[in-house]
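Asker: This is the structure I want to talk about, given as structure tokens.
The values are calculated or read from the model by the stated rules, or taken from the named source; none is laboratory data. Nothing here was measured: the structure is a model prediction, and the numbers come from that model. Note that each Cβ is placed from the backbone with ideal geometry, even for glycine, and that neighbours are counted across all protein chains shown. Side chains are part of the model used for accessible areas, which takes the heavy atoms of the whole protein and leaves out ligands, DNA and RNA. Shrake-Rupley method; radii C 1.70, N 1.55, O 1.52, S 1.80 Å.
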Amino acid sequence: FIVTGALDVFESWAPSVPRRLKVCLKMAMTFVSVHLATGNIAVSDSEASRLKRYRPRRMARLHHGVDTTFFNLRVKDARPTVVTVGQVNALSMRRKGIDVSIRAMAGVREQIPDARLLIVGPISEDGRRYLDELSREVDVSAIELCGEVSRERKRDLLAAAWVYSQPSLDEGFGLSVVEAMACGTVPVVTA
């Protein structure tokens, strides 16, 4: 079987279950998974170091690649545009830093009044509620929710943008960052 980076699966599952129990369940499932697997793949040094704590049988590090014949340079929008990619739910928005990108747009718009932020990714009801809460704190008039888009539309948005924003709290490997870079879009990210 294959396990991918679903690190926050227990955060949204069973909201009444105490966080401590969710963390224990996640650790137990990770331990069992890495020991049952015939091989384990980490896509970054960060993921490799996390997996090593569980002493997997076999582990390889395989870095992501991007198809640069698909993700490539295009004409930029005339209007200053920032793009961020992630699931629009409260947990993911905090982890991916989408909330930080939204708050930062207030400062950006002081310098560049016609700048806008496009948020690409599936939108959940709790994500909409979280955005409503943010709108009471900051101006969200320059924020556009694109929702879940096709691969082609994502590429077009990344290529047309001036900046790609991903100030994640935790990220195994930011594939969208590399896709944006292949499109000639400047990434603004956390370490």
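Asker: Just the residues that are outside any helix (DSSP H, G or I) and surrounded by 15 or more Cβ atoms within 10 Å (Cβ to Cβ), please, taken from the range 145-158. So that I can check it myself, show each step before the final result.
Answerer: Going through the range 145-158, the residues outside any helix (DSSP H, G or I) turn out to be 145-150.
Correct list: L145, C146, V149.
Asker: Same structure again: Scan the range 1-44 for residues that are at pLDDT 80 or above, of a type in the set (F, W, Y) and under 27 Å from A90 (Cβ atoms) and report the count.
Answerer: Of the residues in the range 1-44, 0 are at pLDDT 80 or above, of a type in the set (F, W, Y) and under 27 Å from A90 (Cβ atoms).
Asker: Please work out which one of (1) more than 22 Å from the chain's Cα centre (by Cα); (2) in a helix (DSSP H, G or I) is the condition D99 fails and give its number.
Answerer: (1)
Asker: Pick from the range 159-191 the residues that are at pLDDT below 95 and among the small types (G, A, S): which of them is surrounded by the most Cβ atoms within 10 Å (Cβ to Cβ)?
Answerer: Residue satisfying both the conditions and the ranking: S176.
Asker: For the range 52-67, enumerate the residues that are open to solvent by 90 Å² or more (accessible area, probe 1.4 Å) and either more than 19 Å from the chain's Cα centre (by Cα) or aromatic (F, W, Y) (or both).
Answerer: Applying the first criterion (open to solvent by 90 Å² or more (accessible area, probe 1.4 Å)) to the range 52-67 yields 52-53, 55, 57-58, 61-63.
Those that are open to solvent by 90 Å² or more (accessible area, probe 1.4 Å) and either more than 19 Å from the chain's Cα centre (by Cα) or aromatic (F, W, Y) (or both): K52, R53, R55, R57, R58, R61, L62.
Asker: Within the range 52-74, which residues are of a type in the set (D, E, K, R) and assigned to a loop (DSSP other than H, G, I, E, B)? Please lay out each step first, then the result.
Answerer: To start, the set of residues in the range 52-74 that are of a type in the set (D, E, K, R) comprises 52-53, 55, 57-58, 61, 67, 74.
R53, R55, R57, R58, D67, R74 - these are the residues of the range 52-74 that are of a type in the set (D, E, K, R) and assigned to a loop (DSSP other than H, G, I, E, B).
Asker: Could you look through the range 107-143, keep only residues that are assigned to a helix (DSSP H, G or I) and under 16 Å from P167 (Cα atoms), and pick out the one that is modelled with the lowest pLDDT?
Answerer: Kept after step one, since they are assigned to a helix (DSSP H, G or I), are these residues of the range 107-143: 107-111, 125-137.
Then drop every residue that is not under 16 Å from P167 (Cα atoms), which leaves 107-108.
Values: G107: 91, V108: 94.
Checking each candidate, the answer is G107.
Asker: Would you point out the residue of the range 34-51, among those that are outside any helix (DSSP H, G or I) and farther than 21 Å from L175 by Cβ, that is most open to solvent (accessible area, probe 1.4 Å)?
Answerer: First pass over the range 34-51, keeping only residues outside any helix (DSSP H, G or I): 37-44.
Those still in the list that are farther than 21 Å from L175 by Cβ too: 37-38.
Details: A37: 9, T38: 114 Å².
Checked the range 34-51; the qualifying residue most open to solvent (accessible area, probe 1.4 Å) is T38.
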